[in-house]
Amino acid sequence: MYIILIPLLLFLITTGFSTRHTGEGQALYDHHCARCHGADGTRGMFGAKNLQKSLLPDTAIALQIRNGKRIMPPFKKKLTPDQIDELSAYIKTLRKPAI
Ligand code: HEC
């Protein structure tokens, strides 16, 4: 039994780590955020801020995703804290120059 479980566990752990901050953040972003912010962060639909120019620190990004701001809807019921972390990490990769 353990002989089957251990490789399975290792597989789950390694694939979990390898998708962190890349694949999942981007998929979440494309699904929840790109309609306003655009795939590269610059679309500006409904007055959405340009994420390439955003200077917000992690805590403020997480707060804004959780609670929303004016037209931007709150995501705390749709996203887990882990997913919000993935998203913060991903949107910072859109910044130019990357910070
Ligand atoms: C309905 C459109 C809409 C969606 C969907 C949306 N946003 Fe926004 N977002 C906005 C608007 C509008 C603002 C500007 C809010 C303000 O300050 O008035 C904004 C601002 C932001 C800011 C602040 C940038 C700064 O420097 O002040 C961040 C970060 C952000 N959005 C991230 C996200 C993320 C991540 C998602 C997906 C989970 C998302 N947004 C989904 C409309 C949207």
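Please note which helices (runs of 4 or more DSSP H) are completely contained in the stretch 18-99 and include at least 1 residues that are more than 9 Å from the ligand (Cβ to nearest atom).
23-32, 58-67, 81-93
Tally up the residues in the stretch 77-91 that are without any contact (Cβ under 8 Å) to a residue 24 or more places away in the chain and surrounded by 14 or more Cβ atoms within 10 Å (Cβ to Cβ), please.
2
Just so you know, all these numbers are worked out from the coordinates, no wet-lab data involved. Everything quoted here is computed from the prediction, not taken from an experiment. Heads up, the Cβs are rebuilt from the backbone with ideal geometry, glycines too, and the neighbour counts pull from every protein chain shown.
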